[in-house]
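*Asks:* Below are the structure tokens for one structure; questions will follow.
The values are calculated or read from the model by the stated rules, or taken from the named source; none is laboratory data. The shown structure was predicted, so the numbers you read here are calculated from the model rather than taken from an experiment. Quick reminder, even Gly has a Cβ in these numbers, built from the backbone with ideal geometry, and neighbours come from all protein chains shown. Ligands, DNA and RNA are stripped out before the accessible areas are found, and what is left, the full protein with its side chains, is counted by its heavy atoms. Shrake-Rupley method; radii C 1.70, N 1.55, O 1.52, S 1.80 Å.
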Amino acid sequence: MTYAAIIGIGSYLPERRLTNADLECMVDTSDEWILSRTGIAERRIAAEGEATSDMAARAGTVAIQDAGVEPGKVDLLIVATSTPDMLMPSAAALAQAKMGLTCPAMDINAACTGFIYALQLAASTIESGRARTVLVIGADTLSSIVDFTDRTTCVLFGDGAGAVVLRASKDPGVLGVHLGADGTGADMLMVPAGGSAAPLTPERMAAREQFMVMNGNEVFKFAVRRIPQVTKQALRESHLGVEDVDWLVPHQANQRIIDTIADRLGISHDHVVSTIRDTGNTSSASIPLAIDALYTAGRLRPGQTLALVGFGAGLTWGAAIVRWTKEEDV
Ligand code: ACO
């Protein structure tokens, strides 16, 4: 049996910081409200002209170097994003050129669950023998679809990219993945205009329909109900239990959601990775950014088991159980 294992990791955050104090000058909000309701203190915002493929290429390049893989040996590039540079070509095609790769390249859009969806596709492609080395990048420029006059959403999101290189291995790395989707919940979180259903017009732009709208309370309830279920399902399919999880790496949407998920799973908060204070919700990038934070802090050891869990627009959700096999100095 051929398995897929993570052999390289990298991340990129834009330089510009948008703090809660900055947001206090933009909308009717307060540092106290944002911190207590979300756990977010600041988020990064892409520079003028910096697009999703730029951030993806920066994170991807670091991951390839970390893996010690020749760029010509990458067989497939998957970029998980819901904020591509443009409707076409894909952010993956643009990032492929920026990284000097020559392999097939494609985007996956599963909103904030995108990284888990991409990991499933990458692992399956390797396990089937159709590829040996796959680069998976989660990258989003949420600031391009956030309405900075809407205090109910603009305090939550940030920009960034995280990447992993997966390679065929005789030892199990990706142990199991369980995905889900329910399109009847599409209206809970969407960008109404700019697609084929409602192309951009001056009227739609005047109504600010090019920006994200969200029913925050419903998304909150969906996440804390669905994520413990899918995590247990993925663990069962990996022949493991909650007690085997060394690190729970949840999508970073809200600290209260992260805490509730951990409590419902019975996982101590010491075993939960949280980066939300400094990054906000970076959508597809949040899970690989969180793994990289754990890795660069020297807290991730070979043999440890990670439960990566995500949820987002669609609605979509997913959990991946991963055995960390990478040594610190590969
Ligand atoms: N500053 C100050 N007050 C605010 C702000 C703000 N930024 N935003 C909302 N409020 C007010 C509301 O207007 C409301 O006032 P009212 O009581 O006078 O009506 C009050 O605060 C409470 O609002 P709620 O929406 O009930 O606040 P809640 O505690 O539920 O927190 C939040 C809102 C943070 C959005 C929460 O519901 C949440 O995190 N939901 C999940 C969102 C999420 O995860 N989205 C991303 C999914 S991933 C993806 O695919 C992109």
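*Asks:* Pick out the one residue from G180, G185, G176 that is part of a strand (DSSP E or B), over 21 Å from F148 (Cα atoms) and within 15 Å of the ligand (Cβ to nearest atom).
*Replies:* G180
*Asks:* Find the residue count for region 1-47, including only residues that are of a type in the set (S, T, N, Q), over 25 Å from the mean Cα position of the chain (by Cα) and within 25 Å of L166 (Cα to Cα).
*Replies:* Going through region 1-47 one residue at a time, the tally reaches 1.
*Asks:* With the requirement that a residue be part of a loop (DSSP other than H, G, I, E, B), open to solvent by 20 Å² or more (accessible area, probe 1.4 Å) and within 13 Å of the ligand (Cβ to nearest atom), what does region 28-42 give you?
*Replies:* D28, T29, S30
*Asks:* Against the definition (more than 30 Å from T2 (Cβ to Cβ) and in the same structural domain as I258 (by TED's automatic domain parsing)), how does F211 come out, yes or no?
*Replies:* Spelling it out, F211 is indeed more than 30 Å from T2 (Cβ to Cβ) and in the same structural domain as I258 (by TED's automatic domain parsing).
*Asks:* On to the next question. Out of all the residues in region 111-122, is one or more closer than 19 Å to A313 by Cβ, in contact with a Cys (Cβ under 8 Å, 6 or more places away or on another chain), in contact (Cβ under 8 Å) with a residue 24 or more places away in the chain and assigned by TED's automatic domain parsing to the domain that holds R44?
*Replies:* There is no residue in region 111-122 that is closer than 19 Å to A313 by Cβ, in contact with a Cys (Cβ under 8 Å, 6 or more places away or on another chain), in contact (Cβ under 8 Å) with a residue 24 or more places away in the chain and assigned by TED's automatic domain parsing to the domain that holds R44.
*Asks:* Let me ask something else. Could you check A122 against (1) within 27 Å of E48 (Cα to Cα); (2) crowded, with 17+ Cβ neighbours inside 10 Å; (3) in contact with a Leu (Cβ under 6 Å, 6 or more places away or on another chain) and say which number it fails?
*Replies:* (1)
*Asks:* Another question about this same structure. Would you say R236 is at pLDDT 95 or above and closer than 24 Å to F157 by Cβ?
*Replies:* Taking the combined requirement at face value, the residue does not satisfy it.
*Asks:* Within region 90-119, how many residues turn out to be open to solvent by 60 Å² or more (accessible area, probe 1.4 Å) and either out of contact with any Leu (no Cβ under 8 Å at 6 or more places or on another chain) or in a helix (DSSP H, G or I) (or both)?
*Replies:* Selection size over region 90-119: 4.
*Asks:* Right, something else. How do the helices (runs of 4 or more DSSP H) wholly within region 215-326 filter down when requiring 2 or more residues that are more than 15 Å from the ligand (Cβ to nearest atom) and within 21 Å of L121 (Cα to Cα): which remain?
*Replies:* It comes to 216-237, 286-296.
*Asks:* Test A57 against the criterion of being free of Cβ contacts under 8 Å to residues at least 60 places away in the same chain, more than 30 Å from R301 (Cα to Cα) and not assigned by TED's automatic domain parsing to the domain that holds L189, and give yes or no.
*Replies:* no
*Asks:* If you don't mind, there's one more thing I want to ask. Identify all residues within region 129-140 that are within 16 Å of the ligand (Cβ to nearest atom) and either open to solvent by 10 Å² or more (accessible area, probe 1.4 Å) or of a type in the set (G, A, S) (or both); write none if there are none.
*Replies:* Once the filter is applied, which keeps residues that are within 16 Å of the ligand (Cβ to nearest atom) and either open to solvent by 10 Å² or more (accessible area, probe 1.4 Å) or of a type in the set (G, A, S) (or both), region 129-140 yields G138, A139.
*Asks:* Among the candidates L289, L294, L240, which residue alone is open to solvent by less than 30 Å² (accessible area, probe 1.4 Å) and out of contact with any helix residue (DSSP H, G or I) (no Cβ under 8 Å at 6 or more places or on another chain)?
*Replies:* L294
*Asks:* I've got another one for you. Working only within region 154-173, note down all residues that are part of a strand (DSSP E or B) and either within 16 Å of the ligand (Cβ to nearest atom) or open to solvent by 10 Å² or more (accessible area, probe 1.4 Å) (or both).
*Replies:* F157, D159, G160, A161, G162, R167, A168, S169
*Asks:* Give me a count of the residues in region 297-330 that are open to solvent by 10 Å² or more (accessible area, probe 1.4 Å), among the small types (G, A, S) and touching a residue at least 40 places away in the same chain (Cβ under 8 Å).
*Replies:* Looking only at that region, the number is 2.
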